[in-house]
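Participant: I'd like to ask you about the structure that follows.
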Amino acid sequence: MVEFKPVVFKLDKELYGLDINRVRGIEKEQEVVRVPNTASYIKGIMNLRGDVIPVYSLRKKFGMPEPATDDIQYIIVYTNGTLLALEVDNVDEIHNIEDNDVHVVPSIVTNADTRYFDKVLKTNRGLIITIDIDKLLSDDELSQIEQIKDLA
């Protein structure tokens, strides 16, 4: 049987996942330098082992309030030709999901603003929505991230 391996993370009390093959690393306690006049979900930039990486808040993207704690983590992904740090509340674990527990996101919840929702995974902890990292950023967000990278 085919298995799907997502890196599962929390935003508030919700679980989300990313395909492990798209994840380049998981980091804690990074200094983020704010970049003024960018979209609210572009938190700024970080220096990670010599690479300047834009930091993107999934909480802001999903319309959630800021976390009450500073104990956040960053999932480093490569998408659309750039490294990107996704700010999340907590990285939970890597799951092994059997093929029969992987489902298509219902069409009723997908639209232009949620086109990045990829799959729904059934686990013993509940449903996990996975994100297609290549569809997460809008054209405007990609443009802003390119401008930020040019500043570095």
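The values are calculated or read from the model by the stated rules, or taken from the named source; none is laboratory data. Bear in mind the structure is a predicted one, so any value in this text is a computation, not a measurement. FYI the Cβ positions are ideal-geometry reconstructions off the backbone, even for glycines, and counts take in every protein chain you see.
Participant: From the set of residues in region 121-142 that are under 18 Å from the mean Cα position of the chain (by Cα) and among the hydroxyl-bearing types (Ser, Thr, Tyr), which is surrounded by the fewest Cβ atoms within 10 Å (Cβ to Cβ)? Even if it seems obvious, please write down each step before you answer.
Facilitator: Going through region 121-142, the residues under 18 Å from the mean Cα position of the chain (by Cα) turn out to be 121, 127-142.
Okay, now just the ones that are also among the hydroxyl-bearing types (Ser, Thr, Tyr), so 130, 138.
Numbers: THR130: 22, SER138: 15.
Per the criteria, the residue is SER138.
Participant: Also, I was wondering about something else. Within region 1-23, work out how many residues are at pLDDT 90 or above and surrounded by 16 or more Cβ atoms within 10 Å (Cβ to Cβ).
Facilitator: The number of residues fulfilling the criteria is 12.
Participant: Let me ask another. Would you check which residues across region 101-152 are among the hydroxyl-bearing types (Ser, Thr, Tyr) and over 29 Å from ILE53 (Cβ atoms) and list them?
Facilitator: Step one: of region 101-152, the residues among the hydroxyl-bearing types (Ser, Thr, Tyr) are 107, 110, 114, 116, 123, 130, 138, 143.
Scanning region 101-152 gives SER107, THR123.
Participant: Within region 133-148, is there a residue that is in contact with a Leu (Cβ under 9 Å, 6 or more places away or on another chain), among the acidic types (Asp, Glu), touching a residue at least 12 places away in the same chain (Cβ under 8 Å) and under 22 Å from ILE26 (Cβ atoms)?
Facilitator: no
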